[in-house]
1. Restricting to the range 7-19, name every residue that is over 15 Å from Val78 (Cα atoms) and open to solvent by 40 Å² or more (accessible area, probe 1.4 Å).
2. Considering only residues that are over 18 Å from Ser7 (Cβ atoms) and either polar (S, T, N, Q) or open to solvent by 40 Å² or more (accessible area, probe 1.4 Å) (or both), which ones fall in the range 51-75?
3. Report yes if some residue within the range 71-80 is part of a loop (DSSP other than H, G, I, E, B) and touching a residue at least 24 places away in the same chain (Cβ under 8 Å); otherwise report no.
4. Just checking, does the range 2-16 include any residue being free of Cβ contacts under 8 Å to residues at least 24 places away in the same chain and basic (Lys, Arg)?
5. Scan the range 20-46 residue by residue and report those that are open to solvent by less than 90 Å² (accessible area, probe 1.4 Å) and either outside any helix (DSSP H, G or I) or among the hydrophobic types (A, V, I, L, M, F, W, C) (or both).
6. Report every pair of residues separated by at least 6 positions or lying on different chains whose Cβ atoms are under 9 Å apart, first residue within the range 35-46 and within 12 Å of Phe68 (Cα to Cα) and among the aliphatic types (A, V, I, L, M), second surrounded by fewer than 14 Cβ atoms within 10 Å (Cβ to Cβ) and modelled with pLDDT under 95.
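The values are calculated or read from the model by the stated rules, or taken from the named source; none is laboratory data. Everything quoted here is computed from the prediction, not taken from an experiment. Neighbour counts run over all protein chains shown; Cβ positions are idealised from the backbone, glycine included. All accessible areas refer to the heavy atoms of the entire protein, side chains included, with ligands and DNA or RNA removed. Shrake-Rupley method; radii C 1.70, N 1.55, O 1.52, S 1.80 Å.
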Amino acid sequence: MKIDILSTAEDDLVDGYLFYEDQEAGIGEYFLSTLFAEIASLHLYAGSHKIVWGRHRMLSKTFPFGIFYTVGNDTVKVWAILDLRRDPSYLHKRATR
């Protein structure tokens, strides 16, 4: 199964990296390596997560982030990687665009 991280999700990863790197040097790198490992796990677990706002949502085990994705024809598309502590109306809008 191919995993396609869309540009919107890539932007989310950059935002998360910058946020955590501002907290303490090195945590941004840990954030990225953790999220990329969790995204890679979609090779095995794609489609098994709860559907929220029309997309599957996998919860990060380490950070308060949700990975929103769809599955179709041997491809997983990652649409958004969002900090779930944000306002729910913002999250809904970002997860569905």
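1. As a first pass, look at the range 7-19 and keep what is over 15 Å from Val78 (Cα atoms): 15-19.
Correct list: Asp15, Tyr17, Leu18, Phe19.
2. Ile51, Trp53, Gly54, Arg57, Leu59, Ser60, Lys61, Thr62, Pro64, Val71, Asn73, Asp74
3. Step one: filter the range 71-80 for residues part of a loop (DSSP other than H, G, I, E, B), giving 73-74.
Restricting the remaining residues to those that are touching a residue at least 24 places away in the same chain (Cβ under 8 Å) gives 74.
Scanning the range 71-80, I find at least one residue that is part of a loop (DSSP other than H, G, I, E, B) and touching a residue at least 24 places away in the same chain (Cβ under 8 Å), so the answer is yes.
4. No; the residues of the range 2-16 include none that is free of Cβ contacts under 8 Å to residues at least 24 places away in the same chain and basic (Lys, Arg).
5. We begin by selecting, within the range 20-46, every residue open to solvent by less than 90 Å² (accessible area, probe 1.4 Å); these are 20-21, 25-28, 31-35, 37-42, 46.
Scanning the range 20-46 gives Ala25, Gly26, Ile27, Phe31, Leu32, Leu35, Ala37, Ile39, Ala40, Ser41, Leu42, Ala46.
6. Leu42/Met1; Ala46/Met1
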